[in-house]
Amino acid sequence: MNRIVKCSAPALGLLGLALGGCQPSIDAPAVSAGTADFTSYVSVGNSLTSGYSDGSLYNEAQATSYPAILAQQFGKTGKGPASFVQPSFAPAQEDGEGHVKLQVVNGALLPVTPSQANGFLGEKLALTGVQLISGKYQLAPYTGPQPDNLGVPGMSVLSSVSALTQGRAPYGLLDQYYERLLTPAEKPTKDYLTYISQKTPTFFSCWLGSNDVLTYATGGGVVDPTNPFGGLTDTTRFGMGYRAILSTLSKNGTVKGLVANIPSVTGLPYFNTVTVTAVAAAFKAANPASPGVFIQTSDAATPVRLATSADLLVLTSQGVVAAGAGSTPTNPVPNSYVLDANEVASVAARTAQLNTIIAKTARQNKLALADMNTFFTTVAQQGVAFNAVSNSAVFVSGNLFGLDGVHPTPRGYALVANEFIRNINNFYGASIPTVNINEYRGVVFPQ
């Protein structure tokens, strides 16, 4: 980076008297792809990769997904992709399954989920009315060429490889987002590993693994019996699946790319908006004799106990708490709405184990690694300021997370893209420019 001083002609004439007329300027480094080649870029991952936000996959969110931002910035190096295909919905179905909106309800500003009762908030839905065997509702099929954004909401490493699923139903019959990408013949037969192997990228990003712990965590540590992929994935099968995925994408280390590890999920607004302290205070205000918040736990020795600050109430507990759950030992907050202290520890330990596998596999395949666990932990603890605009992990007002409390807003995805670019630049000697995250929106407030 070169730093020079530029002076206007009048200022030069008055040199010594008007040095204030001189303006320091900084030459930006030349944009470069370094040793990477982005002419064919493919992104692999789950909901975070697809652009999922506000509890849904919809066109506006897809357009500001981090892979879309990366492809745009890669193009500035002269070695970027000519196009970047996303599995968008038709314009008449642009809102996908319908996304949560912030609305005024009885004088209060609240997130509202689209439903038949509220006319689906006037959104343009892509639901066909057909129910899958998982109970999920089918989305209109995607009929274009195989996308470059291969992110599939709900996808985990465990569900990516059919050989690891021990006879469970094929994911193409369970997941509405994956199902819409496949032909009828492929749905019961083609696993995600095979699907992504059809691409021949010159560069890829892979952000898989979060759902191998997140699904368990968001369920309060209670595994939904209808979801065969809802537990904490064991390290043996995770390692087998992750090695197969990276070996396939990198062609055994010959194709360049970047992988990202699993963020610390307990830093998400989903686990930090409804707090034990606030609920206990509300109970105390209503009943001065209230000793606190009673929760149901997964510990057989103490199935019901008073909550502490180490127990995390999930975002969706608001409804049951408002109805009185937790106020007495005979009416505790149900287990599925609480990630208790033991479960928090289990999630953290498994996340660390899986991230060790991710780092080792990245090294073996000569790939850049984005440590999103450390990055998101820092953001959750300190927030991030960009061009004097403060952003944080606070629900709704923090700008970075959408109305489901888990997935980023477009601004949050822009922040992710910048962190990926920083790691790509460092690893491949590139100079890809980052984006101004303030040009991307946070939560949309009603007009």
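Matching residues to (1) in contact with a Ser or Thr (Cβ under 7 Å, 6 or more places away or on another chain); (2) open to solvent by 10 Å² or more (accessible area, probe 1.4 Å); (3) of a type in the set (A, V, I, L, M):
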position	(1), (2), (3)
T356	no, yes, no
T361	no, no, no
A368	no, no, yes
T378	no, yes, no
G383	yes, yes, no
F386	no, yes, no
S397	no, yes, no
T434	no, yes, no
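Let me confirm something: among Y337, Y413, which residue is among the hydroxyl-bearing types (S, T, Y), out of contact with any Leu (no Cβ under 6 Å at 6 or more places or on another chain), in contact (Cβ under 8 Å) with a residue 24 or more places away in the chain and open to solvent by 20 Å² or more (accessible area, probe 1.4 Å)?
Exactly one residue qualifies, and that residue is Y337.
Taking the criterion of being in contact (Cβ under 8 Å) with a residue 24 or more places away in the chain, within 30 Å of Q296 (Cα to Cα), β-branched (V, I, T) and part of a helix (DSSP H, G or I), would at least one residue in the stretch 183-201 satisfy it?
no
Which condition does T200 not pass, out of (1) under 20 Å from the mean Cα position of the chain (by Cα); (2) open to solvent by 10 Å² or more (accessible area, probe 1.4 Å); (3) among the polar types (S, T, N, Q), if it passes all the others?
The one condition T200 does not meet is (1).
Restricting the stretch 61-83 to residues that are in a helix (DSSP H, G or I) and touching a helix residue (DSSP H, G or I) at 6+ places or on another chain (Cβ under 8 Å), which is farthest from P141 (Cα to Cα)?
Here the answer is Q73.
Scan the stretch 76-102 residue by residue and report those that are of a type in the set (G, A, S) and open to solvent by less than 40 Å² (accessible area, probe 1.4 Å).
G80, G96, G98, listed by residue number.
Go through (1) open to solvent by less than 40 Å² (accessible area, probe 1.4 Å); (2) within 17 Å of G172 (Cα to Cα); (3) modelled with pLDDT of 95 or more; (4) not hydrophobic (A, V, I, L, M, F, W, C) for P141 and report which single condition fails.
That leaves (1) as the condition not met.
Any chance you could count how many residues in the stretch 272-303 are within 16 Å of G324 (Cβ to Cβ) and either open to solvent by 50 Å² or more (accessible area, probe 1.4 Å) or touching a residue at least 40 places away in the same chain (Cβ under 8 Å) (or both)?
15
For C206, which of the numbered conditions (1) of a type outside the set (F, W, Y); (2) assigned to a strand (DSSP E or B); (3) surrounded by fewer than 16 Cβ atoms within 10 Å (Cβ to Cβ) fails to hold?
(3)
Within the stretch 33-54, which residues are part of a loop (DSSP other than H, G, I, E, B) and either free of Cβ contacts under 8 Å to residues at least 60 places away in the same chain or crowded, with 19+ Cβ neighbours inside 10 Å (or both)?
The answer is A33, A36, F38, N46, G51, Y52, D54.
Residues are listed down the side, and each one gets a yes or a no for (1) touching a Phe, Trp or Tyr at 6+ places or on another chain (Cβ under 8 Å); (2) surrounded by fewer than 23 Cβ atoms within 10 Å (Cβ to Cβ); (3) in contact (Cβ under 8 Å) with a residue 24 or more places away in the chain; (4) not in a helix (DSSP H, G or I):
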{"position": "T236", "(1), (2), (3), (4)": "no, yes, no, no"}
{"position": "G239", "(1), (2), (3), (4)": "no, yes, yes, no"}
{"position": "A244", "(1), (2), (3), (4)": "no, yes, yes, no"}
{"position": "S247", "(1), (2), (3), (4)": "no, yes, yes, no"}
{"position": "T254", "(1), (2), (3), (4)": "no, yes, no, yes"}
{"position": "V259", "(1), (2), (3), (4)": "yes, no, yes, yes"}
{"position": "T266", "(1), (2), (3), (4)": "no, yes, yes, no"}
{"position": "Y270", "(1), (2), (3), (4)": "no, no, yes, no"}
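The values are calculated or read from the model by the stated rules, or taken from the named source; none is laboratory data. Computed from a predicted model, the values in this text were never measured in an experiment. Using ideal geometry, Cβ is built from the backbone for each residue, glycine included, and neighbour counts are taken over all protein chains shown. Remember, those area values only see protein heavy atoms, side chains included, never the ligands or the DNA or RNA. Shrake-Rupley method; radii C 1.70, N 1.55, O 1.52, S 1.80 Å.
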